[in-house]
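The structure appears right after this line, and notes come after that.
Any read-out appearing in this document is the output of simple, stated calculations on the displayed coordinates, not a laboratory observation. Quick caveat: nothing in here was measured; it's all calculated off a predicted structure. In this analysis, Cβ positions are derived from the backbone assuming ideal geometry, glycine residues included, and neighbour counts consider all displayed protein chains.
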Amino acid sequence: MKQRLHWTKAKLGTTEKGQRWSDLMPLVTWQLWLAREIIEDNPLPWQKPQPQEKLTPGRVAQSFPGVLAAIGTPAHMPKPRGKSTGWEKGKKRKKKPRYPVVKKTITRKKKEKKEAA
């Protein structure tokens with residue numbers, strides 16, 4: 001069950017992150033356990049159907065996207081892709097401000113001239 005719920009797949013760099021992940025996993029398991037009453041078993045073709053009372057957390061996780069689709073999301077719909085609508089007619093355009101180019105030069109020490117004696 002740990003592998004199915006991705007408890008062993010987390011590659012966390014510090015002990016604190018690992019502890020937080022370990023604290024989170026039982027909460028996720030309880031959420032799946034409590035959600036089994038509202039989940040419809042949706043077995044893959046090679047899986048046997050399970051009774052509603054005996055759904056495992058892995059089987060509930062497999063069917064959980066259906067619950068999330070029914071609940072909905074607070075996010076906005078994605079924007080359409082493709083050609084943009086273009087610039088509105090009659091809207092004035094402003095030119096970009098131009099700035100002078102700043103050139104940095106390298107300052108070198110002046111060479112001392114040797115005088116012939």
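Among Thr56, Thr73, Ile38, which residue has its Cα furthest toward the positive end of the charge dipole of region 20-73, with +1 on Lys/Arg Cβ and -1 on Asp/Glu Cβ?
Checked the options; the winner is Thr56.
Please list 3J(HN,Hα) in residue order for region 85-97, calculated via the Karplus relation 6.51 cos²θ - 1.76 cosθ + 1.60 where θ = phi - 60°; whole Hz, with x for glycine and proline.
Those phi angles translate into 6, x, 7, 5, 5, x, 7, 7, 9, 9, 6, 5, x Hz.
Using a 7 Å offset from the Cα along the Cα-to-Cβ direction at both Trp33 and Val101, what is the distance between the two label points in nm, to one decimal?
For the pair Trp33/Val101, the computed spacing is 7.0 nm.
Go through (i) 17.3; (ii) 22.0; (iii) 14.1 and flag the label whose value is the computed Kirkwood radius over Cα pairs in Å for this structure.
Step by step, Kirkwood radius over Cα pairs in Å for this structure corresponds to label (ii).
Placing +1 at every Lys and Arg Cβ and -1 at every Asp and Glu Cβ, with all other atoms neutral, what dipole size does region 15-71 have around its Cα centre, in debye to the nearest 20?
It works out to roughly 140 debye.
Note the angle between two axes, namely the Cα long axis of helix 57-71 and the longest principal axis of the Cα atoms of the chain, as a number of degrees from 0 to 90, rounded to the nearest 10.
Orientation of helix 57-71: about 70 degrees from the principal axis.
About the Cα centre, and with charges only on the beta carbon of Lys, Arg (+1) and Asp, Glu (-1), how big is the dipole of the chain? Nearest 20 debye, please.
Dipole magnitude for the chain comes out near 2320 debye.
For helix 15-35, what angle does its Cα long axis make with the longest principal axis of the chain, in degrees from 0 to 90 and rounded to 10?
With both axes taken from Cα atoms, the answer is about 40 degrees.
Grab the beta carbon distance between Met25 and Ser84, set R0 = 35 Å, and tell me the FRET efficiency rounded to 0.05.
0.20
Based on the mean of other beta carbon atoms within 10 Å per residue, what is the order of 11-17, 23-29, 71-77, most packed first?
Averaged packing, sorted descending, gives the order 23-29, 11-17, 71-77.
From the phi angles alone, apply the Karplus equation (6.51, -1.76, 1.60; θ = phi - 60°) to region 36-50 and give each ³J(HN,Hα) in whole Hz, x where the residue is Gly or Pro.
Result, ordered by residue: 5, 6, 9, 8, 8, 5, 10, x, 6, x, 8, 9, 7, x, 10 Hz.
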